[in-house]
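Worksheet: one structure, shown below.
The values are calculated or read from the model by the stated rules, or taken from the named source; none is laboratory data. Treat the numbers as computed from the prediction; the structure is a model and nothing was measured. For neighbour counting, all protein chains shown are included, and Cβ atoms are generated from backbone atoms with ideal geometry for every residue, glycine included.
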């Protein structure tokens, strides 16, 4: 799930993959592999995301399935909650893009 969160954060900030890859000092293809779940981001890369987007690493990790060690809430609840937040973010990004396109057509 971390891959979806990282992609949605990039889209929320209206940043293209090549632009973010440059800021993270990684290749665009590596960023694409991360966003498409083909590779997992390491902690150093998450720290770089944190700096670029001014988001605590802990917030990025919230979306990770590695939260399984948390015994205060059930795993299924955490996954469903994170999925819902990501779906809302995806919807928000699509809605903002649509509004932008409509505004350009006026």
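The residues listed here are 31, 60; of these, the one that is surrounded by 13 or more Cβ atoms within 10 Å (Cβ to Cβ), closer than 17 Å to residue 8 by Cα, at pLDDT 95 or above and touching a helix residue (DSSP H, G or I) at 6+ places or on another chain (Cβ under 7 Å) is 31.
Condition check ((1) surrounded by fewer than 18 Cβ atoms within 10 Å (Cβ to Cβ); (2) modelled with pLDDT of 90 or more; (3) farther than 22 Å from residue 92 by Cβ) across all residues:
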| position | (1), (2), (3) |
| --- | --- |
| 3 | no, no, no |
| 9 | no, no, no |
| 15 | yes, yes, no |
| 19 | yes, yes, no |
| 27 | yes, yes, yes |
| 39 | yes, yes, yes |
| 43 | yes, yes, yes |
| 47 | yes, yes, yes |
| 51 | yes, yes, yes |
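Scanning segment 19-28 for residues that are outside any loop (DSSP other than H, G, I, E, B) and touching a helix residue (DSSP H, G or I) at 6+ places or on another chain (Cβ under 7 Å) gives 20, 21, 23, 24, 28.
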